[in-house]
Amino acid sequence: MQREMPKKIIELVIADLGDATRYLPYGAVAALLITGIVWIVLFLWKENKPEIRLLAVFFLSVFFSEVLFLTFLNREPGSRTQMELRLFGTFHSDACSISYVVENFLFFMPAGILFPLAFPKRFKSAGHIFLIFLISVMIEVLQHLTGRGYAQLDDVILNTLGAAVSFWFFCLVREKEELKGEERLGLIGKETGKTREKLL
């Protein structure tokens, strides 16, 4: 039974992720509208090379559309009214509970990468993670007020932790790319210096 547990968890996570994809067409339509508005704003601001930002805004809009559908719109009002404010109160040893833990950790990981790409000058380190924390808290509060979801402290912690991990990975990759860029500039500078010495 214990040997089958990891397989069962993976199957449950994949099934839930597959179920979430049915909302993607609606998210894509909403994302196109939002991206169009952002493109107009960037055009008016005359921002150089806005392609990466627009792509990030598109996928961020798809992401939040999915969040909206999964946490509110696919549930009946008043169908879920319980609260669990104990730390690790939702952690149990069965496959279903573990799959929920994994899914809540993965849930906000895209935001950890997409936010700094979409808004590079406004979201940095602790401020970015705190924003994700606030969004997760707001979702839990609204779910409880509307009865569309269980208000759980573990969800907030796992959402925030997942976003923090992906944001850390993003910063690590960006730092390596910046170092490579500096090394290239250094090599170009050395070659230029050697060329000048030969000419003199």
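Data table
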item: Only one of L24, L12, L54 that is more than 28 Å from A151 (Cβ to Cβ) and in contact (Cβ under 8 Å) with a residue 12 or more places away in the chain; result: L54
item: Residue list for region 139-153, filter: outside any strand (DSSP E or B) and buried (at least 20 other Cβ atoms within 10 Å of the Cβ); result: I139, E140, Q143, G149
item: Residue list for region 77-124, restricted to those being on the phi > 0 side of the Ramachandran plot and hydrophobic (A, V, I, L, M, F, W, C); result: F88
item: Members of region 154-165 that are surrounded by fewer than 19 Cβ atoms within 10 Å (Cβ to Cβ) and under 13 Å from the mean Cα position of the chain (by Cα); result: L161, V165
item: So I34, is it surrounded by 13 or more Cβ atoms within 10 Å (Cβ to Cβ) and touching a helix residue (DSSP H, G or I) at 6+ places or on another chain (Cβ under 8 Å); result: yes
item: Condition broken by V41, with the remaining ones in (1) of a type in the set (A, V, I, L, M); (2) more than 22 Å from K121 (Cα to Cα); (3) at pLDDT below 85 satisfied; result: (2)
item: Test: S65 is among the polar types (S, T, N, Q), without any contact (Cβ under 8 Å) to a residue 60 or more places away in the chain and either more than 25 Å from Q143 (Cβ to Cβ) or loosely packed, with under 13 Cβ neighbours inside 10 Å (or both); result: no
item: Filter result for P77 (surrounded by 13 or more Cβ atoms within 10 Å (Cβ to Cβ), of a type outside the set (A, V, I, L, M) and modelled with pLDDT under 90); result: no
item: Residue in region 15-22 that is under 18 Å from the mean Cα position of the chain (by Cα) and surrounded by 13 or more Cβ atoms within 10 Å (Cβ to Cβ) present; result: yes
item: Filtered residue count, region 87-138, keeping only those that are closer than 26 Å to A56 by Cβ and in a loop (DSSP other than H, G, I, E, B); result: 7
item: Top-ranked residue in region 1-49 [being of a type in the set (K, R) and in a helix (DSSP H, G or I); ranked as farthest from C96 (Cα to Cα)]; result: R22
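The values are calculated or read from the model by the stated rules, or taken from the named source; none is laboratory data. Being a predicted model, the structure only gives us computed values, none of them experimental. Cβ coordinates were reconstructed from backbone atoms using ideal geometry, including for glycine residues, and neighbour counts include every protein chain displayed.
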